[in-house]
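Novice: A single structure is presented below for examination.
The values are calculated or read from the model by the stated rules, or taken from the named source; none is laboratory data. Owing to the predicted nature of the structure, the values given are computational and were not obtained by experimental measurement. Heads up, the Cβs are rebuilt from the backbone with ideal geometry, glycines too, and the neighbour counts pull from every protein chain shown. Each accessible area value is taken on the protein alone, full model and side chains, heavy atoms only, with ligands, DNA and RNA left out. Shrake-Rupley method; radii C 1.70, N 1.55, O 1.52, S 1.80 Å.
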Amino acid sequence: MTDSPSRVAIVTGAGRGIGAAVARRLAADGFAVGLLDLDEAGVRKGAEAIIADGGRAVGVALDVSDAEQVDAAVTRVAGELGAPTVLINNAGITRDNLLFKMTEQDWDSVLSVHLRGSFLMTRAVQKYQTEQKWGRIVNLSSTSALGNRGQANYAAAKAGMQGFTKTLAIELGKFGVTANAIAPGFIATDMTAATAQRVGVSFDDFKTAAAGQIPVGRVGTPDDIANVASFLVSDGAGFVSGQVIYVAGGPKD
(Lines give C-alpha, C1' and ligand atoms only; values in the text may rest on other atoms or scores of the structure.)
Protein backbone atom coordinates (compact mmCIF):
# COMPACT_ATOMS: atom_id res chain seq x y z
CA MET A 1 0.00 0.00 0.00
CA THR A 2 1.02 3.64 -0.27
CA ASP A 3 2.56 5.30 2.77
CA SER A 4 -0.71 7.16 3.35
CA PRO A 5 -3.62 5.97 1.22
CA SER A 6 -6.38 8.42 0.49
CA ARG A 7 -9.11 8.32 3.15
CA VAL A 8 -12.08 9.06 0.94
CA ALA A 9 -15.24 6.98 0.97
CA ILE A 10 -18.22 6.80 -1.36
CA VAL A 11 -21.57 5.62 -0.01
CA THR A 12 -24.44 4.96 -2.40
CA GLY A 13 -28.04 5.14 -1.27
CA ALA A 14 -26.82 7.70 1.26
CA GLY A 15 -29.91 9.89 1.23
CA ARG A 16 -31.51 8.13 4.19
CA GLY A 17 -31.59 4.98 6.30
CA ILE A 18 -28.61 2.66 6.31
CA GLY A 19 -26.64 4.64 3.76
CA ALA A 20 -27.00 7.90 5.68
CA ALA A 21 -25.94 6.18 8.92
CA VAL A 22 -22.88 4.64 7.27
CA ALA A 23 -21.89 7.98 5.78
CA ARG A 24 -22.11 9.66 9.19
CA ARG A 25 -20.09 6.91 10.83
CA LEU A 26 -17.33 6.95 8.23
CA ALA A 27 -17.11 10.73 8.54
CA ALA A 28 -16.73 10.30 12.31
CA ASP A 29 -13.99 7.77 11.59
CA GLY A 30 -12.07 10.44 9.69
CA PHE A 31 -13.06 9.74 6.10
CA ALA A 32 -14.08 12.40 3.63
CA VAL A 33 -17.38 11.11 2.26
CA GLY A 34 -19.12 11.30 -1.08
CA LEU A 35 -22.83 10.74 -0.47
CA LEU A 36 -24.59 9.46 -3.60
CA ASP A 37 -28.31 8.94 -4.12
CA LEU A 38 -31.22 9.72 -6.43
CA ASP A 39 -32.44 11.96 -3.60
CA GLU A 40 -30.43 15.13 -4.20
CA ALA A 41 -31.94 16.94 -1.22
CA GLY A 42 -31.15 14.02 1.07
CA VAL A 43 -27.47 13.75 0.18
CA ARG A 44 -27.02 17.50 0.18
CA LYS A 45 -28.45 17.67 3.69
CA GLY A 46 -26.29 14.75 4.81
CA ALA A 47 -23.14 16.34 3.39
CA GLU A 48 -23.95 19.68 5.02
CA ALA A 49 -24.36 17.97 8.39
CA ILE A 50 -20.96 16.28 8.07
CA ILE A 51 -19.32 19.56 7.10
CA ALA A 52 -21.00 21.34 10.03
CA ASP A 53 -19.40 18.75 12.31
CA GLY A 54 -15.97 19.56 10.91
CA GLY A 55 -15.74 16.85 8.25
CA ARG A 56 -15.41 16.91 4.50
CA ALA A 57 -18.23 15.72 2.27
CA VAL A 58 -20.07 16.22 -0.98
CA GLY A 59 -23.55 15.12 -1.97
CA VAL A 60 -24.10 13.98 -5.55
CA ALA A 61 -27.39 13.00 -7.18
CA LEU A 62 -27.26 10.10 -9.62
CA ASP A 63 -28.90 6.96 -10.92
CA VAL A 64 -26.42 4.18 -10.07
CA SER A 65 -27.66 2.10 -12.99
CA ASP A 66 -26.55 4.77 -15.50
CA ALA A 67 -22.91 4.32 -16.48
CA GLU A 68 -22.33 7.93 -17.54
CA GLN A 69 -23.82 9.29 -14.32
CA VAL A 70 -21.72 6.88 -12.25
CA ASP A 71 -18.48 7.84 -13.96
CA ALA A 72 -19.29 11.55 -13.64
CA ALA A 73 -20.17 11.21 -9.95
CA VAL A 74 -17.01 9.26 -9.07
CA THR A 75 -14.89 11.74 -11.02
CA ARG A 76 -16.53 14.60 -9.12
CA VAL A 77 -15.88 13.00 -5.74
CA ALA A 78 -12.26 12.33 -6.69
CA GLY A 79 -11.84 15.93 -7.86
CA GLU A 80 -13.39 17.52 -4.78
CA LEU A 81 -12.32 15.16 -2.00
CA GLY A 82 -9.50 12.99 -3.36
CA ALA A 83 -9.12 9.47 -4.69
CA PRO A 84 -11.93 7.25 -3.33
CA THR A 85 -10.52 4.14 -1.68
CA VAL A 86 -13.64 2.98 0.18
CA LEU A 87 -16.88 2.07 -1.56
CA ILE A 88 -20.13 1.14 0.17
CA ASN A 89 -22.60 -0.27 -2.37
CA ASN A 90 -25.85 0.31 -0.51
CA ALA A 91 -28.25 1.72 -3.13
CA GLY A 92 -31.30 -0.46 -3.49
CA ILE A 93 -35.03 -0.56 -4.10
CA THR A 94 -37.84 -3.03 -3.54
CA ARG A 95 -40.67 -3.97 -5.86
CA ASP A 96 -42.18 -6.78 -3.83
CA ASN A 97 -44.82 -9.11 -5.18
CA LEU A 98 -45.60 -12.77 -5.50
CA LEU A 99 -44.04 -14.36 -8.55
CA PHE A 100 -47.25 -14.66 -10.55
CA LYS A 101 -47.99 -10.96 -9.99
CA MET A 102 -44.44 -9.71 -10.54
CA THR A 103 -43.94 -7.73 -13.74
CA GLU A 104 -40.85 -7.76 -15.92
CA GLN A 105 -40.28 -4.14 -14.92
CA ASP A 106 -40.42 -5.13 -11.23
CA TRP A 107 -37.73 -7.71 -11.89
CA ASP A 108 -35.52 -5.60 -14.12
CA SER A 109 -35.59 -2.46 -11.98
CA VAL A 110 -34.57 -4.25 -8.78
CA LEU A 111 -31.71 -6.17 -10.39
CA SER A 112 -30.60 -3.07 -12.28
CA VAL A 113 -30.20 -0.89 -9.18
CA HIS A 114 -28.65 -3.55 -6.95
CA LEU A 115 -26.45 -5.53 -9.33
CA ARG A 116 -25.82 -3.28 -12.33
CA GLY A 117 -25.43 -0.31 -10.00
CA SER A 118 -22.90 -2.08 -7.80
CA PHE A 119 -20.99 -3.31 -10.84
CA LEU A 120 -20.79 0.17 -12.36
CA MET A 121 -19.79 1.82 -9.09
CA THR A 122 -17.13 -0.78 -8.35
CA ARG A 123 -15.69 -0.63 -11.84
CA ALA A 124 -15.38 3.14 -11.55
CA VAL A 125 -13.83 3.15 -8.07
CA GLN A 126 -11.45 0.18 -8.36
CA LYS A 127 -9.04 2.09 -10.56
CA TYR A 128 -8.39 4.53 -7.72
CA GLN A 129 -8.09 1.69 -5.21
CA THR A 130 -5.62 -0.30 -7.29
CA GLU A 131 -3.52 2.83 -7.91
CA GLN A 132 -3.41 3.47 -4.17
CA LYS A 133 -2.71 -0.22 -3.49
CA TRP A 134 -5.34 -0.08 -0.73
CA GLY A 135 -9.09 -0.22 -0.73
CA ARG A 136 -12.24 -1.47 0.93
CA ILE A 137 -15.48 -2.53 -0.74
CA VAL A 138 -18.57 -3.29 1.33
CA ASN A 139 -21.67 -4.51 -0.47
CA LEU A 140 -25.08 -4.58 1.18
CA SER A 141 -26.78 -7.93 0.84
CA SER A 142 -29.70 -9.10 3.02
CA THR A 143 -31.07 -12.08 4.87
CA SER A 144 -33.54 -12.13 1.98
CA ALA A 145 -30.73 -13.67 -0.06
CA LEU A 146 -31.69 -16.90 1.70
CA GLY A 147 -35.19 -16.61 0.22
CA ASN A 148 -38.22 -14.58 1.21
CA ARG A 149 -41.82 -14.87 0.09
CA GLY A 150 -42.84 -12.06 -2.23
CA GLN A 151 -39.28 -11.01 -2.96
CA ALA A 152 -38.04 -13.19 -5.81
CA ASN A 153 -36.40 -10.18 -7.46
CA TYR A 154 -34.89 -8.75 -4.26
CA ALA A 155 -33.70 -12.16 -3.05
CA ALA A 156 -32.04 -12.85 -6.41
CA ALA A 157 -30.35 -9.45 -6.36
CA LYS A 158 -29.08 -9.83 -2.80
CA ALA A 159 -27.82 -13.37 -3.44
CA GLY A 160 -26.08 -11.99 -6.51
CA MET A 161 -24.38 -9.38 -4.36
CA GLN A 162 -22.78 -12.17 -2.35
CA GLY A 163 -21.32 -13.88 -5.40
CA PHE A 164 -20.19 -10.50 -6.73
CA THR A 165 -18.45 -9.78 -3.42
CA LYS A 166 -16.55 -13.07 -3.34
CA THR A 167 -15.35 -12.58 -6.90
CA LEU A 168 -14.14 -9.05 -6.16
CA ALA A 169 -12.20 -10.40 -3.18
CA ILE A 170 -10.44 -12.89 -5.45
CA GLU A 171 -9.67 -10.43 -8.24
CA LEU A 172 -8.67 -7.39 -6.20
CA GLY A 173 -6.91 -8.92 -3.21
CA LYS A 174 -3.48 -8.68 -4.78
CA PHE A 175 -3.93 -4.91 -5.00
CA GLY A 176 -4.55 -4.52 -1.28
CA VAL A 177 -8.31 -4.28 -1.76
CA THR A 178 -10.74 -6.27 0.37
CA ALA A 179 -14.39 -6.93 -0.45
CA ASN A 180 -17.03 -8.05 2.01
CA ALA A 181 -20.80 -8.07 2.27
CA ILE A 182 -23.12 -7.17 5.11
CA ALA A 183 -26.45 -8.99 5.12
CA PRO A 184 -28.83 -7.14 7.43
CA GLY A 185 -31.86 -8.73 8.99
CA PHE A 186 -34.83 -6.59 9.99
CA ILE A 187 -33.65 -2.98 10.17
CA ALA A 188 -36.07 -0.21 11.06
CA THR A 189 -35.95 2.08 8.03
CA ASP A 190 -38.32 3.82 5.64
CA MET A 191 -38.08 0.73 3.43
CA THR A 192 -39.32 -1.65 6.12
CA ALA A 193 -41.99 0.88 7.08
CA ALA A 194 -43.19 0.79 3.48
CA THR A 195 -43.35 -3.01 3.66
CA ALA A 196 -45.53 -2.76 6.76
CA GLN A 197 -47.84 -0.40 4.95
CA ARG A 198 -47.99 -2.73 1.96
CA VAL A 199 -49.09 -5.68 4.09
CA GLY A 200 -51.59 -3.54 5.97
CA VAL A 201 -50.18 -3.38 9.52
CA SER A 202 -48.84 -0.54 11.63
CA PHE A 203 -45.08 -0.15 11.66
CA ASP A 204 -44.98 -0.55 15.45
CA ASP A 205 -46.88 -3.84 15.25
CA PHE A 206 -44.66 -4.93 12.35
CA LYS A 207 -41.51 -4.26 14.40
CA THR A 208 -42.90 -5.97 17.48
CA ALA A 209 -43.75 -9.10 15.49
CA ALA A 210 -40.29 -9.12 13.92
CA ALA A 211 -38.55 -8.65 17.26
CA GLY A 212 -40.35 -11.69 18.59
CA GLN A 213 -38.54 -13.83 16.03
CA ILE A 214 -35.07 -12.37 16.69
CA PRO A 215 -32.90 -13.96 19.40
CA VAL A 216 -31.64 -10.64 20.80
CA GLY A 217 -35.24 -9.50 21.17
CA ARG A 218 -35.19 -6.34 19.11
CA VAL A 219 -35.08 -5.15 15.53
CA GLY A 220 -31.95 -3.58 14.13
CA THR A 221 -31.13 0.06 13.49
CA PRO A 222 -29.11 1.67 10.70
CA ASP A 223 -26.34 2.31 13.23
CA ASP A 224 -26.02 -1.45 13.79
CA ILE A 225 -25.02 -1.76 10.14
CA ALA A 226 -22.82 1.33 10.22
CA ASN A 227 -20.83 -0.14 13.12
CA VAL A 228 -20.00 -3.27 11.11
CA ALA A 229 -19.16 -1.24 8.01
CA SER A 230 -16.81 0.87 10.12
CA PHE A 231 -14.85 -2.24 11.10
CA LEU A 232 -14.76 -3.70 7.59
CA VAL A 233 -13.23 -0.55 6.09
CA SER A 234 -10.63 -0.21 8.84
CA ASP A 235 -6.97 -1.14 8.62
CA GLY A 236 -7.66 -3.77 11.25
CA ALA A 237 -9.89 -5.69 8.83
CA GLY A 238 -7.18 -6.16 6.24
CA PHE A 239 -7.26 -9.96 6.53
CA VAL A 240 -11.05 -10.17 6.25
CA SER A 241 -12.18 -10.51 2.66
CA GLY A 242 -14.79 -12.35 0.64
CA GLN A 243 -17.03 -12.74 3.69
CA VAL A 244 -20.77 -12.32 4.15
CA ILE A 245 -21.61 -11.10 7.64
CA TYR A 246 -25.21 -11.54 8.70
CA VAL A 247 -26.16 -8.69 11.02
CA ALA A 248 -29.54 -9.97 12.09
CA GLY A 249 -29.61 -10.38 15.86
CA GLY A 250 -29.08 -14.12 15.62
CA PRO A 251 -27.61 -16.87 13.44
CA LYS A 252 -28.45 -17.26 9.79
CA ASP A 253 -27.42 -20.04 7.42
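Novice: Quickly estimate the mean residue ellipticity at 222 nm for the chain, helices only: each DSSP H run with n ≥ 4 gives -39500 (n - 2.57), and the total goes over all residues, rounded to 500.
Specialist: -14500 deg cm²/dmol, from helical runs alone.
Novice: In whole Å, how far is the Cα centre of region 74-138 from that of region 172-220?
Specialist: A separation of 19 Å, based on Cα centres.
Novice: Given a Förster radius of 45 Å and the C-beta distance between residue 101 and residue 4 as r, what FRET efficiency does 1/(1 + (r/R0)^6) yield to the nearest 0.05?
Specialist: That gives a FRET efficiency of 0.25.
Novice: What does the accessible area per residue of region 152-201 come to in Å², with a 1.4 Å probe and no ligands, DNA or RNA counted?
Specialist: 40 Å²
Novice: A follow-up question, please. Which value, in Å² and to the nearest 10, is the accessible area of residue 158 when all protein chains are kept and the probe is 1.4 Å?
Specialist: For residue 158, the solvent-accessible surface is approximately 10 Å².
Novice: Still on this structure, I have one more. Tell me, what is the per residue accessible area of region 65-109 in Å², probe radius 1.4 Å?
Specialist: With the other protein chains kept in place, region 65-109 gives 53 Å² per residue.
Novice: What accessible surface, in Å², does a 1.4 Å probe find on residue 171, ignoring ligands, DNA and RNA and rounding to the nearest 10?
Specialist: The value for residue 171 is about 110 Å².
Novice: How large, in percent, is the carbon and sulfur part of the accessible surface of the chain at a probe radius of 1.4 Å?
Specialist: Reported share for carbon and sulfur atoms: 51 percent.
Novice: Antiparallel DSSP bridges in region 3-91: what percent, to the nearest 5?
Specialist: Percentage antiparallel, nearest 5: 0.
Novice: Obtain the nm distance between the two label points defined at residue 208 and residue 108 by a simple spin-label model: each point lies 7 Å from its Cα along the Cα-to-C-beta direction.
Specialist: 4.3 nm
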